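Asks: Just dropping this structure here.
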Amino acid sequence: MPLLLVIDDEQSVRYSFRRVLEADGMQVLTAATAAEGLAMVREHRPDAVVLDLQLPDRSGLECFRKSRLSTRAAR
């Protein structure tokens, strides 16, 4: 079962993604901040990430760069 991570500060967005993706048979994790999302990337190694570009604690682009570095280091 594919594992997806949704990182978005809007609770309604996280809920909507979770509901739709789980209905399609996917396992979904959610995070409200970049820091929480990065921790989940390191711990769970999701197959895909849906990422908001305007997060409260850092930009989504910076979060994306850090997640790529952390997954490369874990290999």
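The values are calculated or read from the model by the stated rules, or taken from the named source; none is laboratory data. Since the model is a prediction, treat every value here as computed from it, not as a measurement. Counting neighbours? That spans all protein chains shown, and the Cβs are built from the backbone with ideal geometry, glycine included. These accessible areas exclude ligands, DNA and RNA; they are computed on the full protein's heavy atoms, side chains included. Shrake-Rupley method; radii C 1.70, N 1.55, O 1.52, S 1.80 Å.
Asks: Report, by residue number, each residue of segment 19-47 that is in contact with a strand residue (DSSP E or B) (Cβ under 7 Å, 6 or more places away or on another chain), at pLDDT 95 or above and either hydroxyl-bearing (Ser, Thr, Tyr) or open to solvent by 80 Å² or more (accessible area, probe 1.4 Å) (or both).
Replies: Of everything in segment 19-47, those that are in contact with a strand residue (DSSP E or B) (Cβ under 7 Å, 6 or more places away or on another chain), at pLDDT 95 or above and either hydroxyl-bearing (Ser, Thr, Tyr) or open to solvent by 80 Å² or more (accessible area, probe 1.4 Å) (or both) turn out to be Glu22, Gln27, Thr30.
Asks: Right, Ala32: farther than 15 Å from Lys66 by Cβ and not basic (Lys, Arg) or not? Give the steps one after another, and end with the answer.
Replies: Values: farther than 15 Å from Lys66 by Cβ: yes; not basic (Lys, Arg): yes.
So Ala32 fits the description; yes.
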